[in-house]
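Below you'll find the structure, written out as structure tokens, and then a few comments.
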């Protein structure tokens, strides 16, 4: 009887696995290409450099995994959560040396989760 119940009501891990399998999977090369293209087309590259050179916004080179001083005097680790928030709500944690309002605040509604994930993975690759 237990086996029949499992067929009718699959375990939670089966449902989670089916969702994960349906998500697009990109190679590292695809992420770099898609991320660079998205950053260029969306205007990110006009303010953020990929090579450490100064631009109006913070460079993305070496950003991921670093401690970032913020304008309020605190520091934060530039992890996935920080990068997602920096894209979707840039004034929540403003990097030291920069002012609120410099970055558009509508990327959270413009970008799908997939696009945000691609940007985060692209930024992570710029070490």
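Please check which bits of the range 34-64 a label hung off residue 125 would reach, taking the label as a point 7 Å along Cα-to-C-beta and the cut-off as backbone N under 13 Å.
The answer is 34-40, whose backbone nitrogens lie closer than 13 Å to the label point.
If I model a spin label as a point 7 Å beyond the Cα along the Cα-Cβ vector, how far apart are those points for residue 46 and residue 85 in nm?
2.8 nm
Each reported figure results from applying straightforward, stated rules to the coordinates on display, with no laboratory input. Note that the coordinates shown come from a computational prediction; the quantities given were computed from them, not determined experimentally. Glycine also receives a Cβ, built like all others from the backbone with ideal geometry; neighbour counts cover every protein chain displayed.
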